[in-house]
Ligand code: FES
Ligand code: MG
């Protein structure tokens, strides 16, 4: 049933005849808008995360004009709302510290303004979950516009992938196999267009999850940012936002347990970033859909990695797009999907992928020829991680998937950085590197420190992977035998805080176990004399963050934003 103009949310700003509405309208006229352009029209807020220092969103300044064109063509009125532009390569200590801030900003921007529906422009890592979290809580019609991946990197005829190849070549440079001059050339070749990372890192994972959750137009998340299809998709996204407002199609009408199941199958099939686990849990909790680490492990056991993209495979997002993109991939796993899940365009996911095809089955493989058969994300439990921890076995050296070795413990990142390249470091390829105080509160913000660098002396010996354990995250473009998100974290007295150098740690990925060879009594005794690290944030956002952030297994949302609480409408005056 189509809404009437006087049922629009913006009506109470512009449609009524009172003193406040006089102020709202006269100030719209002050900007040169005519009554006919905005009164009784769906007002679409475009939450634009452009900034002059975010290369992944550098095209959003131009792209927003395509969105506006689509909105106006469909009879809506576009209002651009600039929002925090979390630029993964620039923001210290980590954009994860600010995901919840952008989520709050999105919710409050939409809540406080005369907005009937939203186009959410994001793509760089944390921007996607943040925008979706805010929109889910606000629960007005909202559609996501993915930034699109950048083009493939290129250096001396070699294809380069964001992140993944940086880690790889940095190890070669540390081992003395690449010169400073060559390294400088790579700087100019690895990122050669606007758009987000073109590996299956956090950005590509989250935009694909947004699409499989039903939040984008079909195929939107795979289009490379510089491709002419991208501005056309942007315009169509604006047009769809207007239709969604008239039809009152809100996130709560779209999201269901089925859409999250589809997202989980997508996450596993793509070999998606481990970061997505935290964001999916946070999104599900906002939507009131029960989802926990056990569901994630179950999905991982059911769905192999079939998409051949770095870091689990060898190709890049441009190849994925040409091979059929996300709809192509989804068409190969129809039997594993909840095809009746709703999407932004009012059709089911099944309808949206009815005609999808795969054009290159080396990139998008059939289920019987996976890239990695055993699943992308293993969730381990044990006395070291009572609330769980995660690992991406597809990106690890198989010899380390079942491993026992002595711990080498670093109390924090600075201690690790100061020691890791010492020639006299007491370490072998069997040592388990442990980093403490890098979790949600300890980092703070759970920085991407979980792919601990390998000791220089071992790199020179040819070692390229070791077992590493932390309460940190790692970049979605990273790889290696890194056990992440240990929960509860060491900074708040989780058992990881009790581990000391020399303790024996054993990991068995197949059986999903992680143990430190200590008795419960020994762990309890050590924790009883453990002192919380002397670190406090006397003011500002960090102060609030440390007091309200949840643990990794809970999605790291703030306790006061978590769950389906319902956003109150602002007062009339
Ligand atoms: Fe923005 Fe990787 S830096 S997506
Ligand atoms: Mg990243």
Exercise for review: Might you let me know whether segment 330-347 holds any residue that is touching a residue at least 60 places away in the same chain (Cβ under 8 Å), more than 21 Å from the chain's Cα centre (by Cα) and part of a strand (DSSP E or B)?
Suggested key: yes
Review point. If you scan segment 535-573, which residues turn out to be in contact with a helix residue (DSSP H, G or I) (Cβ under 8 Å, 6 or more places away or on another chain), part of a helix (DSSP H, G or I) and under 23 Å from residue 388 (Cβ atoms)?
Key: 545, 552, 553, 554
Exercise for review: Have a look at 81, 145, 132, 101 and point out the one that is under 30 Å from residue 189 (Cβ atoms), touching a helix residue (DSSP H, G or I) at 6+ places or on another chain (Cβ under 7 Å) and either in contact (Cβ under 8 Å) with a residue 24 or more places away in the chain or outside the structural domain of residue 208 (by TED's automatic domain parsing) (or both).
Suggested key: 145
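When residues of segment 512-534 are filtered for being outside any helix (DSSP H, G or I) and either touching a residue at least 40 places away in the same chain (Cβ under 8 Å) or within 27 Å of the chain's Cα centre (by Cα) (or both), how many remain? Step through it out loud before you land on a result.
Applying the first criterion (outside any helix (DSSP H, G or I)) to segment 512-534 yields 512-519, 529-534.
Narrowing the set further to residues that are either touching a residue at least 40 places away in the same chain (Cβ under 8 Å) or within 27 Å of the chain's Cα centre (by Cα) (or both) leaves 512-516, 518, 532-533.
Result for segment 512-534: 8.
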Practice item. Answer yes or no: is there a residue in segment 459-473 that is within 16 Å of ligand 1 (Cβ to nearest atom), part of a loop (DSSP other than H, G, I, E, B) and not assigned by TED's automatic domain parsing to the domain that holds residue 90. Key: yes
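For segment 214-221, check the following and say yes or no: at least one residue is modelled with pLDDT of 95 or more, closer than 18 Å to residue 55 by Cα and in the same structural domain as residue 342 (by TED's automatic domain parsing). Outline the logic, then answer.
So the first thing to find is which residues in segment 214-221 are modelled with pLDDT of 95 or more, and the list is 214-221.
So of that shortlist, the ones also closer than 18 Å to residue 55 by Cα come out as 221.
From the residues that got through so far, the ones that are in the same structural domain as residue 342 (by TED's automatic domain parsing) too are 221.
Yes, there is a match, as at least one residue in segment 214-221 is modelled with pLDDT of 95 or more, closer than 18 Å to residue 55 by Cα and in the same structural domain as residue 342 (by TED's automatic domain parsing).
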Practice item. Examine segment 81-95 for a residue that is within 16 Å of ligand 1 (Cβ to nearest atom) and touching a strand residue (DSSP E or B) at 6+ places or on another chain (Cβ under 6 Å), and state whether such a residue exists. Key: yes
Practice item. Mind counting the residues in segment 479-513 that are within 16 Å of ligand 2 (Cβ to nearest atom) and in contact with a helix residue (DSSP H, G or I) (Cβ under 6 Å, 6 or more places away or on another chain)? Key: 2
Practice item. Being within 16 Å of ligand 2 (Cβ to nearest atom) and surrounded by 24 or more Cβ atoms within 10 Å (Cβ to Cβ) is the filter here, so list the residues in segment 450-476 that pass it. Key: 450, 472, 473, 474, 475, 476
Check your understanding: Which residues, taken from segment 217-229, are buried (at least 22 other Cβ atoms within 10 Å of the Cβ) and in a helix (DSSP H, G or I)?
Key -> 220, 221, 222
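Which residue, of 264, 291, is buried (at least 24 other Cβ atoms within 10 Å of the Cβ), free of Cβ contacts under 8 Å to residues at least 40 places away in the same chain and more than 16 Å from ligand 2 (Cβ to nearest atom)? Working first, answer last.
Working: 291 fails: buried (at least 24 other Cβ atoms within 10 Å of the Cβ).
Step by step, each of 264, 291 is checked, and only 264 is buried (at least 24 other Cβ atoms within 10 Å of the Cβ), free of Cβ contacts under 8 Å to residues at least 40 places away in the same chain and more than 16 Å from ligand 2 (Cβ to nearest atom).
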Practice item. Can you give me the number of residues within segment 85-104 that are surrounded by 20 or more Cβ atoms within 10 Å (Cβ to Cβ) and more than 16 Å from ligand 2 (Cβ to nearest atom)? Key: 2
Check your understanding: With respect to residue 131, is the statement that it is within 16 Å of ligand 1 (Cβ to nearest atom), more than 28 Å from residue 320 (Cβ to Cβ) and under 20 Å from the mean Cα position of the chain (by Cα) true?
Key -> no
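Can you tell me which of 162, 204 is touching a residue at least 12 places away in the same chain (Cβ under 8 Å), more than 18 Å from residue 328 (Cβ to Cβ) and within 16 Å of ligand 1 (Cβ to nearest atom)? Before you say what the answer is, go through the steps one by one.
Working: 204 fails: more than 18 Å from residue 328 (Cβ to Cβ).
None of the others qualify; the one that does is 162.
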Exercise for review: Return yes or no: is residue 520 surrounded by 14 or more Cβ atoms within 10 Å (Cβ to Cβ), over 26 Å from residue 167 (Cβ atoms) and not assigned by TED's automatic domain parsing to the domain that holds residue 97?
Suggested key: no
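So if I check each of 195, 161, which one is on the phi < 0 side of the Ramachandran plot, within 16 Å of ligand 2 (Cβ to nearest atom) and surrounded by 24 or more Cβ atoms within 10 Å (Cβ to Cβ)?
On the way: 195 fails: on the phi < 0 side of the Ramachandran plot.
Answer to the selection: 161.
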Revision key, fill the gap. Those residues of segment 278-296 that are farther than 14 Å from residue 128 by Cβ and in a helix (DSSP H, G or I) come to a total of 8
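The values are calculated or read from the model by the stated rules, or taken from the named source; none is laboratory data. These numbers were taken from a predicted model, which means no experiment stands behind them. Heads up, the Cβs are rebuilt from the backbone with ideal geometry, glycines too, and the neighbour counts pull from every protein chain shown.
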